[in-house]
Amino acid sequence: MRSTESNWFIRLGCLSPIIGTIALFVLIRQDSILAAFLFFALFFGFAILFLYLSGRAEGKAKQKQQAHLETFQPAKPSYTESHAYVSYDLLSKIAIDEKHRKLYLWVPPLRDGKYVNKAYASMPYEIVEYGYKDLLAVEVFENGIRQERFKNPDERTDERLAALGQEWKEETKSKLPVAKKIIYRKVATLEMKLVLDDEEKPVRVIRFYSNLDKRLKKQSGQYMAIKKEMDHWTSLLAFIMDNGK
């Protein structure tokens, strides 16, 4: 999550190599070869330092916002949190209350009449409550490509999905072009789409990972850990739909 501090570090990190390159050419034209490369190395080092500090500032901002999110709790005193997950982008949190068969979502309220698509410092949250039966479908995406999908087995599900503009269609898997297969060897996004029986906003997205600048290798420990967490939630929500009556 970007903060004012991290944005300044990024700007300085991008500016440093530019200054270093300019100094390199100016000093070379003045036959100061050693000084030219020393200045270039110095400003290149500044770039690395500023980008490192930017990453630390983003991490601190994210931790602070997550702690802020946890201050919001359902008004019901009987609420018992059995399972919970805060999305990678801090735009949502999902929680299950198994005791009372409820599903809760923490989402940002509208801002100037529009849905918020990027978390910001001290962003407020509102909590939306659903019964198990309100969960109609779950879809899992990797790099924007659907990997798995599950539908509530209740006989009214197809009718409700169609009414909400989320008609369930059987899909035929097509082969990816070779170029895309090469690109998708690394993962930029891992997302879960929930379709709920909610006239106002039937689709909610939980992002388990979303970073175009830092793609994950599928053999990496970080990817494996995220995928394991995602599979846990996929199994949990599929179980809820199968037993949600």
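Given the residues Glu70, Glu98, Glu58, Glu81, which is the only one that is in contact (Cβ under 8 Å) with a residue 40 or more places away in the chain and either surrounded by 19 or more Cβ atoms within 10 Å (Cβ to Cβ) or among the charged types (D, E, K, R) (or both)?
Details: Glu70 fails: in contact (Cβ under 8 Å) with a residue 40 or more places away in the chain; Glu98 fails: in contact (Cβ under 8 Å) with a residue 40 or more places away in the chain; Glu81 fails: in contact (Cβ under 8 Å) with a residue 40 or more places away in the chain.
Glu58 is the lone residue from the list that is in contact (Cβ under 8 Å) with a residue 40 or more places away in the chain and either surrounded by 19 or more Cβ atoms within 10 Å (Cβ to Cβ) or among the charged types (D, E, K, R) (or both).
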Taking the condition surrounded by 12 or more Cβ atoms within 10 Å (Cβ to Cβ) and modelled with pLDDT under 90, does Leu176 pass?
yes
Would you confirm whether or not segment 222-240 contains a residue that is of a type in the set (S, T, N, Q), more than 16 Å from the chain's Cα centre (by Cα) and more than 30 Å from Arg160 (Cα to Cα)?
no
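Tell me, which residue of segment 101-129 that is among the hydrophobic types (A, V, I, L, M, F, W, C) and open to solvent by 70 Å² or more (accessible area, probe 1.4 Å) is modelled with the highest pLDDT? Spell out how you get there, then give the answer.
Let us first name the residues in segment 101-129 that are among the hydrophobic types (A, V, I, L, M, F, W, C), namely 103, 105-107, 110, 116, 119, 121, 123, 127-128.
Okay, now just the ones that are also open to solvent by 70 Å² or more (accessible area, probe 1.4 Å), so 110, 121.
Working: Leu110: 89, Ala121: 85.
If we take residues in segment 101-129 being among the hydrophobic types (A, V, I, L, M, F, W, C) and open to solvent by 70 Å² or more (accessible area, probe 1.4 Å), then Leu110 is modelled with the highest pLDDT.
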Any idea which residue in segment 130-156 is most open to solvent (accessible area, probe 1.4 Å), counting only those that are farther than 18 Å from Glu191 by Cβ and part of a loop (DSSP other than H, G, I, E, B)?
Glu155
Against the condition more than 20 Å from the chain's Cα centre (by Cα), assigned to a helix (DSSP H, G or I) and surrounded by 13 or more Cβ atoms within 10 Å (Cβ to Cβ), how does Leu38 come out, does it pass?
yes
Of the residues in segment 196-245, how many are closer than 30 Å to Glu159 by Cβ, open to solvent by 60 Å² or more (accessible area, probe 1.4 Å) and in contact (Cβ under 8 Å) with a residue 12 or more places away in the chain?
5
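The values are calculated or read from the model by the stated rules, or taken from the named source; none is laboratory data. Because the structure is predicted, anything quoted here is derived from the model rather than measured. All Cβ positions, even for glycine, are placed from backbone atoms using ideal geometry, and neighbour counts span all protein chains on display. Each accessible area value is taken on the protein alone, full model and side chains, heavy atoms only, with ligands, DNA and RNA left out. Shrake-Rupley method; radii C 1.70, N 1.55, O 1.52, S 1.80 Å.
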